[in-house]
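Report on one structure; see the data block that follows.
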Amino acid sequence: MTQAANNLVQQHTKQGITTVTLSQPDKRNSLSMVMLDALSEVFTAMENDADTRVVVLAAAGRVFCAGHDLREMRSQFDCQEFQLALFQRCSKVMQQIVNLPKPVIARVAGVATAAGCQLVASCDLAVAEEGARFATPGVNIGLFCSTPMVALSRNVSRKHAMEMLLTGEMIDAARAESIGLVNRVVAAEHLDETVYQMAATIAGKSGHALKVGKTAFYRQLEMPLADAYDYTAEVMAGNVASVDAQEGICAFLEKRDPEWQDK
């Protein structure tokens, strides 16, 4: 990781779990252009990192992520090219998370608003503390959360997504769980325990199976039903031919623990 990225995003790997921490709490971990570049660099490097099996996305301070840096945006009001590049860069990072061949768990403490809420929605799983809050409040300042809408609308129902987008109101963690934006809500003192137990459980699976499964999950979502079944049947047939699937099946039948080779 470059020095610039290291100043904004901290990274630590232990037992197959890499924690990526947004580390600019004084700016509410906003997704400025440099922060987005730092995240993109981290996720690019992680694609082929054999030491990483699961990613935990966390943030320092009391705000998980406040979205884009409005001061930066204001300084570039006269440059439409900058605004377009900013949203395109953000969209790239969100897609990197979805396309990363390793599961990503959001560890949400504090507030996640606008593109910060988009960041949570883009992760495969999310665990929030009871005091966490979420919003897509762009409509309140005349800037509809159109790019956050993409991830949000792929996580919750249309009416729940539209309510958040049209009202701009903050919702609490319990509400976020009830509409499917996060998987679990726990007391603050249990947040790390819950997140890392979940990550450890996933890290104990075949890395090859996780990659195959995550890729297939997102691809089939966009397909008509019959096409999705045709596609996933081919995926499973190919998966059966893998070293890990054959080892896993044999281990199950022989009542022993599998020895994954991640291939």
Item to complete: Name every residue in the range 197-229 that is charged (D, E, K, R) and surrounded by 13 or more Cβ atoms within 10 Å (Cβ to Cβ), in order of residue number.
Response: Lys205, Lys211, Lys214, Arg219
Worksheet item: Given the conditions (1) surrounded by 18 or more Cβ atoms within 10 Å (Cβ to Cβ); (2) touching a Lys or Arg at 6+ places or on another chain (Cβ under 6 Å); (3) free of Cβ contacts under 8 Å to residues at least 60 places away in the same chain, which single one is not true for Ile171?
Response: (2)
Response to the item:
Here the residues within the range 41-59 that are surrounded by 16 or more Cβ atoms within 10 Å (Cβ to Cβ) and farther than 30 Å from Gly142 by Cβ are Glu41, Val42, Phe43, Met46, Thr52, Arg53, Val54, Val55, Val56, Ala58
Worksheet item: So Thr113 fits all but one of (1) buried (at least 18 other Cβ atoms within 10 Å of the Cβ); (2) farther than 25 Å from Lys27 by Cα; (3) free of Cβ contacts under 8 Å to residues at least 60 places away in the same chain; what number is the exception?
Response: (2)
Worksheet item: Is one or more of the residues making up the range 83-96 within 19 Å of Pro137 (Cβ to Cβ), in the same structural domain as Ile141 (by TED's automatic domain parsing) and assigned to a loop (DSSP other than H, G, I, E, B)?
Response: no
Practice prompt. Would you point out which residue out of Leu31, Leu39 is closer than 21 Å to Gln118 by Cβ, touching a residue at least 60 places away in the same chain (Cβ under 8 Å) and in contact with a helix residue (DSSP H, G or I) (Cβ under 7 Å, 6 or more places away or on another chain)?
Written response: Leu31
Response to the item:
Per the list (1) touching a residue at least 40 places away in the same chain (Cβ under 8 Å); (2) touching a Ser or Thr at 6+ places or on another chain (Cβ under 9 Å), residue check on Asp49 breaks on (1)
Discussion item. Checking Val186 against (1) within 21 Å of Pro103 (Cβ to Cβ); (2) touching a Lys or Arg at 6+ places or on another chain (Cβ under 7 Å); (3) of a type outside the set (Gly, Ala, Ser): exactly one of these is not met. Which one?
Written reply: (2)
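The values are calculated or read from the model by the stated rules, or taken from the named source; none is laboratory data. Just so it is clear, the structure is predicted and the values come from calculations on it, not from any experiment. When we count neighbours, we look across all protein chains shown, and the Cβ atoms used for this are built from the backbone with ideal geometry, even at glycine.
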